[in-house]
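A short write-up of the structure that comes next.
The values are calculated or read from the model by the stated rules, or taken from the named source; none is laboratory data. Remember, it's a predicted structure, so these values are computed and weren't measured experimentally. A quick note on method: Cβ atoms are made from the backbone with ideal geometry, for glycine too, and the neighbour counts reach across all protein chains shown. The area values use the complete protein model at the heavy-atom level, side chains included, leaving out ligands, DNA and RNA. Shrake-Rupley method; radii C 1.70, N 1.55, O 1.52, S 1.80 Å.
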Amino acid sequence: MQRGSEAEVVLDRWGHVFGVATGASACSEHEAGADALLHALTGYGIPRARDVAALMRSDEAVVVPDLFTRRRISSRLDEIVFATRPCRGEQEGVLGFAAAESGLSADDLFDHPHLSLPAFGKHREIVGAWDGAGFGFRFRGDKLTRKMSEFGASLKGGNGVFAASFLRGSGGSRLSGVVIGLVTLMRPEDRAAVGKEQSDFAATVRLEGRARTQEIAALAEKAFAGTGRSFGYVWPVWRGGVVDSEVAYCVNPGFGTTLRGGPYEFEQLATWLRGGAVGLI
């Protein structure tokens, strides 16, 4: 695990901890880089809209669980480590999990080099670390340790959810790294953010389902074969940013073309590619 840049604790209006974040690390800025971790603790990976749309086009029965189900921490709960101990006249504790390790212990977390607590400074009370297969927190102080004990018990009881995409910190700040919230303490604004994310994902599935991206890619492969040029990457967008309007396409121009990023209509790109990829700017 790598140390997060700035671990945070999110409190509700009654002072209970209902969210924690490790902070970003060299792994990634958010939990999208921790698919193995999410799969271990939720039983689900991160579904891609393109894959869901492809299954729908194949007439397979496709059921995409709601966001809380996909992110709910409900597996391997007994392997989540939580422990406290006295240290220099006050309590300190650890909370963590490692999908790729067996027998992770509290001592492993207390002794982890990236979970050492600084003696002074703004972030002396809590630090976090994570990688694609695990996370860890270490914290100190009687008051915070007591609050984290409540949080840890609720998490191990199946009340946790990976929340990086919708949970916000104090004053609406963006949280990063591995972010875990408690479902039963979610605020109205958090639930509204979940609803928006689910709606956005469904709209992206519809976009991918209507897009003709593979046809464009096939035309590009034929047009650029043996030329030393490349087409880069193409992706669909809603024209004008209006959901459920017409589908348009943006392009990473690739090497050796005068093409700009777009958006373009399908026929514009298809005509350009069939004509040897000359003239469209």
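Out of the strands (runs of 3 or more DSSP E) lying entirely within the range 115-206, which hold 2 or more residues that are within 29 Å of Asp244 (Cα to Cα) and among the basic types (Lys, Arg)?
Hits in the range 115-206: none.
Of the numbered conditions (1) outside any helix (DSSP H, G or I); (2) open to solvent by 60 Å² or more (accessible area, probe 1.4 Å), Glu215 fails exactly one; give the number of that condition.
(1)
Would you tally the residues in the range 170-194 being modelled with pLDDT under 85 and under 17 Å from the mean Cα position of the chain (by Cα)?
Final tally of qualifying residues: 1.
For the range 111-147, what are the residues that are modelled with pLDDT under 90 and either closer than 18 Å to Leu11 by Cβ or among the aliphatic types (A, V, I, L, M) (or both)?
Selection gives Leu117, Ala119, Lys122, His123, Arg124, Ala133.
Report yes if Gly256 is small (Gly, Ala, Ser), touching a helix residue (DSSP H, G or I) at 6+ places or on another chain (Cβ under 9 Å) and open to solvent by 50 Å² or more (accessible area, probe 1.4 Å), otherwise no.
no
Can you name the number of the only condition in (1) among the aromatic types (Phe, Trp, Tyr); (2) over 30 Å from Gly169 (Cα atoms); (3) within 28 Å of the chain's Cα centre (by Cα) that Phe224 fails?
(3)
If only one of Glu125, Glu92 is more than 16 Å from Gly23 (Cβ to Cβ) and touching a strand residue (DSSP E or B) at 6+ places or on another chain (Cβ under 9 Å), which one is it?
Glu92
Among the residues of the range 240-264, what is the count of those that are among the charged types (D, E, K, R) and touching a residue at least 24 places away in the same chain (Cβ under 8 Å)?
1
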